[in-house]
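The values are calculated or read from the model by the stated rules, or taken from the named source; none is laboratory data. Keep in mind the model is a prediction, meaning the values are calculated, not measured. FYI the Cβ positions are ideal-geometry reconstructions off the backbone, even for glycines, and counts take in every protein chain you see.
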Amino acid sequence: MLSTFILQPSSSDKRRAYSRAMIAPKTPPFPSLDDFKAQLKIIRNAAVANLDSLVMRLSETLSGLPNVELVMANDEQQALKAISQACGPTKTIAINQSSVIKHELSSGLRQNGFRVIDSYSGEFSHFEDRFVNYSQLPEMPESQLLPNFSASNLAHLRSSSIECNGVKDFVGLLGVNAISSREGTVFFMEHFCNISKVFQQARKLILLITPEKIVPGNEEARLQTLAMGIFGWEVRLLGLGNKGGDNQLQDIPFTASSNADPNVLVIVMDNGRRRLKDGPYRDLLLCIGCRACMRSCPTQQFFGVNSGLNPKEYLYYFIQGRSSSLDFCLNCGMCHVECPLDIDVSGMIIKARSQCPQKRSLASTLLVNFELLSKWGSTMPGAANALLGNRVPRGFADRVLGISKDAPAPKFRKDTLERWLRRKRSR
Ligand code: SF4
Ligand code: SF4
């Protein structure tokens, strides 16, 4: 079977690392978080630069593995067709927190008559698991963060679980965090136990990969997955973008182990990603999906019908034509500051807005391009602030542009919020 590993926060590993840090605080045996970020950037940039060759290499590797079926899907329709065929008579599908599955496939699956269970939401109510145990341990120095995740071999866990318990009548559809093109090894990051449960109990498994998640070897795939856990940790703890729910997998009974399908279907779904590679939004492909950019975004909760979108997804689905507006972004730049890969989502949102053919009033055109206004205002902040505080120009703006003279006006400064935040953090 496909070699598959899951990385999980481990309280015992954290205890060990903590003891090491107490005994020898001056000799951290692991790279600093900054070194780790630098390494991650190299991996991600290489993955995007070699996207096509990595897809080809992975396809060759998977085609040579037993019990693996491979489908290359150009778009979601092709992926949905492959999923429907693979499910056969089973009409229940359990998914993980993969935003690709949630935002690009789940509504199509429901339209095709499937019951879709979000396995992660079901786990959220069981808070006394490793998540809390791990979090209750003292905060680690940055240099000790890396070894706090343990790895388990999911393929072994699946075969022994099937032998003991049998399987349940559902199909597990799981979005993969990283896969190595050379070995075809799959990596997941898990904060609860939902992915392990799906992997062990599903009658049939389908793994979904998007091209940018493919990296050359196992070590790159492991590091990329580890980064998901490290930088997305607080977001998980805060439950951002998570709506809770029942643990519906619990209600499905086990059936005979002979019902288990030994074949794993792997779908590599592009759905418009590769065309970003040579354009102004290339950096979106660097994203590992950690959701750290969600943490400080002041308006993320208003990001539209697809609730739970992070800033990168908010932009990405606008570019893909799945949503019609970017108006909830304030361009505060916090997502850029938080991103371990330095992806300037805020800057790309400004670009996307200015290229958007949407008809706007003069006032809203000025307001959505307030990056430009801010630049003008910040060149002479004293004069700009005096102008905004004067009732004559404000009365003119009220009549001509429709910007109320009573609305509070921003104060212009020489420094930018982003620069100020970075300085504050480095201190
Ligand atoms: S720039 Fe926009 S998307 Fe990014 S944190 Fe600020 S409001 Fe959110
Ligand atoms: S854009 Fe957001 S989700 Fe993507 S890597 Fe940066 S912080 Fe993580």
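Regarding PHE36, is this residue of a type in the set (Phe, Trp, Tyr), in contact with a helix residue (DSSP H, G or I) (Cβ under 7 Å, 6 or more places away or on another chain) and modelled with pLDDT of 85 or more? In short, yes.
The numbered conditions (1) more than 14 Å from ligand 1 (Cβ to nearest atom); (2) at pLDDT below 90; (3) surrounded by fewer than 19 Cβ atoms within 10 Å (Cβ to Cβ) are all true for LEU249 except (3). Taken over region 96-121, the criterion of being among the polar types (S, T, N, Q) and within 15 Å of LEU309 (Cβ to Cβ) is satisfied by GLN97, SER98, SER99, SER106, SER107.
Within region 51-61, the residues that satisfy the criterion of being in contact (Cβ under 8 Å) with a residue 40 or more places away in the chain and more than 21 Å from PRO340 (Cα to Cα) are ASP52, LEU54, VAL55, ARG57, LEU58, SER59, THR61. Set side by side, the residues VAL337, VAL368, VAL345 differ, and just one is within 14 Å of ligand 1 (Cβ to nearest atom), touching a helix residue (DSSP H, G or I) at 6+ places or on another chain (Cβ under 8 Å), at pLDDT below 85 and under 25 Å from PRO410 (Cβ atoms), which is VAL368. Only residues that are more than 13 Å from ligand 2 (Cβ to nearest atom), surrounded by 19 or more Cβ atoms within 10 Å (Cβ to Cβ) and modelled with pLDDT under 90 were counted in region 307-328, giving 2.
In the set (1) under 16 Å from the mean Cα position of the chain (by Cα); (2) among the aliphatic types (A, V, I, L, M); (3) near ligand 1 (Cβ under 10 Å from one of its atoms), the condition left unmet by ILE288 is number (3). For PHE302, the conditions (1) modelled with pLDDT of 95 or more; (2) more than 16 Å from ligand 2 (Cβ to nearest atom); (3) among the hydrophobic types (A, V, I, L, M, F, W, C) are fulfilled apart from (1). Going by the conditions given, is PHE396 surrounded by 15 or more Cβ atoms within 10 Å (Cβ to Cβ), at pLDDT 75 or above and among the aromatic types (Phe, Trp, Tyr)? No.
Within region 284-326, take every residue that is touching a Lys or Arg at 6+ places or on another chain (Cβ under 7 Å) and part of a helix (DSSP H, G or I) and give me the one that is farthest from ILE43 (Cα to Cα). Within region 284-326, the match that is farthest from ILE43 (Cα to Cα) is CYS293. What are the residue pairs meeting all of these: first residue in region 329-355, first residue within 15 Å of ligand 2 (Cβ to nearest atom), second residue of a type in the set (Asp, Glu) and in a loop (DSSP other than H, G, I, E, B), Cβ atoms under 9 Å, and 6 or more apart or on different chains? Between residues of region 329-355 that are within 15 Å of ligand 2 (Cβ to nearest atom) and residues that are of a type in the set (Asp, Glu) and in a loop (DSSP other than H, G, I, E, B), the close pairs are GLY333/ASP344; CYS335/ASP344; HIS336/ASP342; HIS336/ASP344. With respect to (1) crowded, with 21+ Cβ neighbours inside 10 Å; (2) more than 16 Å from ligand 1 (Cβ to nearest atom); (3) in a helix (DSSP H, G or I), the lone exception for VAL268 is condition (3). Taken as a whole, the structure places GLU220 among residues that are within 19 Å of the chain's Cα centre (by Cα), among the acidic types (Asp, Glu) and at pLDDT 80 or above.
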